[in-house]
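One structure below.
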Amino acid sequence: MYQTDQYEGMIAETVSMRGHNGDTINAYVARPLGAGPFPGMVVIHHAPGWDEWYRECTRRFAHHGYVAISPNLYFRDGHGTPEDVGAKVRAAGGAPDARVLGDLDGANAWLRSQPYVSRKVGIFGTCSGGRQAFLAGCRLKGLDAVVDLWGGRVVQSKEELTPAQPVAPIDYTKDLSSPILGLFGNEDKSPTPEQVNQHEAELKKHGKPYEFHRYDGAGHGFFYYDRPAYRQEQAMDGWKKVWAFLERTLR
Amino acid sequence: MCTMIAHQVKVEGRGKSGPEWFEVREANVSYDHPYDLPLEHALNIDFVNEALGPGARVAVELSVEGARRLVKTIEAVLAQADQRGVLQDVPVVASPAPRPTTE
């Protein structure tokens with residue numbers, strides 16, 4: 001917890017970075033002032049878009065001493081308001097996993113090329129971003145912590161697989177290369193408590209370090225203060241769990 | 001947005017977004033997270049024109065019950081028009097060039 005007499009400042013801005021296939025995309029970066037080195041965090045926006053909640057979330061990580069980068073995963077889908085662009089991607093059935101992974105890998109590389117970033121980088125996502133954070137932890141190299149908040153469709157039936165999302169992330173669990181924190185609401189429909197149990201069983205089976213917390217009285221998206229899903233008590237406890245986990249894994 | 005249940009249908013029509021009308025070419029129908037309706041999931045319809053960019057969009061977010069009533073009502077209105085012999089099932093012709101929209 002910061003003290004009232006300490007100096008504090010941050011820089012927050014949009015930057016360009018190299019993403020999937022070497023494409024240039026934009027990203028929002030927030031970092032504490034100072035030489036660091038600070039741990040890095042890749043912040044994956046949720047399916048509704050690269051929106052204000054994610055701007056604030058990125059700055060929140062900087063406020064807690066991390067260099068945070070949130071790549072615009074919908075860069076190639078056109079520009080406009082986050083809602084209009086998000087609606088376009090929703091209609092297309094979501095962003096393709098391969099492209100997302102390429103962009104997240106690029107965000108990690110961007111962080112690691114900055115002189116003020118330490119050698120530790122974690123990844124955080126909510127909703128579809130939680131799923132993508134887990135996927136990244138399994139498929140990419142160089143991530144030291146994964147935070148999966150109510151990532152739906154980690155468990156997918158064959159009927160749910162699409163050309164854009166051809167493999168259920170749970171099938172990659174054996175390749176997970178870092179500790180994972182998962183936070184879930186017991187009233188969520190995606191993922192359901194049963195799917196969370198399935199995911200946990202798979203992590204156990206492969207001996208992966210994990211920490212799952214399930215909240216009663218919460219459903220999907222219980223951190224989103226701008227939606228009726230917000231649950232103050234569970235959200236504040238959840239944030240504490242996030243900071244404690246990252247302190248342990250990235251500092 | 002975790003259902004990813006979405007379908008697109010080609011349509012011919014016009015939509016109004018702000019003060020301007022634009023040519024609607026597609027309707028995107030999804031059952032997923034809405035942006036404004038205070039529900040976790042909703043039946044969302046976006047009337048769009050992909051050629052004009054993401055800003056060419058008229059959006060509605062409906063409860064399941066509201067969506068079902070709407071479907072029945074559309075069918076009923078079309079049937080009534082057909083019965084009265086006033087239904088003109090003809091394609092739109094001579095569409096004007098799509099206007100650019102502000103985003």
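FYI, it's all coordinate maths here, none of it is from the lab. Note that the structure is predicted; figures quoted are calculated from it, not measured. No Cβ is skipped: glycine too gets one built from the backbone with ideal geometry, and neighbour counts run over all protein chains shown.
Here is a list: A:100, A:85, A:89. Which entry is aliphatic (A, V, I, L, M), under 14 Å from the mean Cα position of the chain (by Cα) and not in a loop (DSSP other than H, G, I, E, B)?
Selected residue: A:100, the only one of A:100, A:85, A:89 that is aliphatic (A, V, I, L, M), under 14 Å from the mean Cα position of the chain (by Cα) and not in a loop (DSSP other than H, G, I, E, B).
If you scan segment A:222-251, which residues turn out to be under 25 Å from residue A:156 (Cβ atoms) and out of contact with any strand residue (DSSP E or B) (no Cβ under 7 Å at 6 or more places or on another chain)?
Residues satisfying the conditions are A:224, A:227, A:229.
Only residues in segment A:221-241 that are within 13 Å of another protein chain (Cβ to nearest Cβ) and free of Cβ contacts under 8 Å to residues at least 12 places away in the same chain count as the first member; pair them with residues that are surrounded by 15 or more Cβ atoms within 10 Å (Cβ to Cβ) and hydroxyl-bearing (Ser, Thr, Tyr), Cβ under 8 angstrom, at least 6 apart or cross-chain, and list the lot.
These pairs meet every condition: A:230/A:224.
Anything in segment B:27-43 that is over 9 Å from the mean Cα position of the chain (by Cα) and part of a strand (DSSP E or B)? List them, or say none.
B:30, B:31, B:32, B:42, B:43
Out of segment B:1-30, which residues are crowded, with 16+ Cβ neighbours inside 10 Å and more than 10 Å from chain A (Cβ to nearest Cβ)?
The answer is B:15, B:22, B:23, B:24, B:25.
All but one of (1) within 17 Å of residue A:147 (Cα to Cα); (2) surrounded by fewer than 18 Cβ atoms within 10 Å (Cβ to Cβ) hold for residue A:207, so report the exception by its number.
Condition not satisfied by residue A:207: (1).
Taking residue A:233 as meeting all but one of (1) farther than 26 Å from residue A:58 by Cα; (2) part of a helix (DSSP H, G or I); (3) of a type in the set (D, E, K, R), write down the number of the exception.
Checking residue A:233 against (1) farther than 26 Å from residue A:58 by Cα; (2) part of a helix (DSSP H, G or I); (3) of a type in the set (D, E, K, R), the one that fails is (1).
Residues of segment A:30-56 being crowded, with 24+ Cβ neighbours inside 10 Å and away from every other protein chain (no Cβ under 14 Å), which ones?
Passing the criteria: A:30, A:31, A:38, A:39, A:40, A:41, A:42, A:43.
If you go through segment B:31-53 one residue at a time, how many are closer than 21 Å to residue B:66 by Cβ, at the interface with another protein chain (Cβ under 7 Å from one of its Cβ atoms) and surrounded by 18 or more Cβ atoms within 10 Å (Cβ to Cβ)?
Residues flagged as closer than 21 Å to residue B:66 by Cβ, at the interface with another protein chain (Cβ under 7 Å from one of its Cβ atoms) and surrounded by 18 or more Cβ atoms within 10 Å (Cβ to Cβ) within segment B:31-53 amount to 5.
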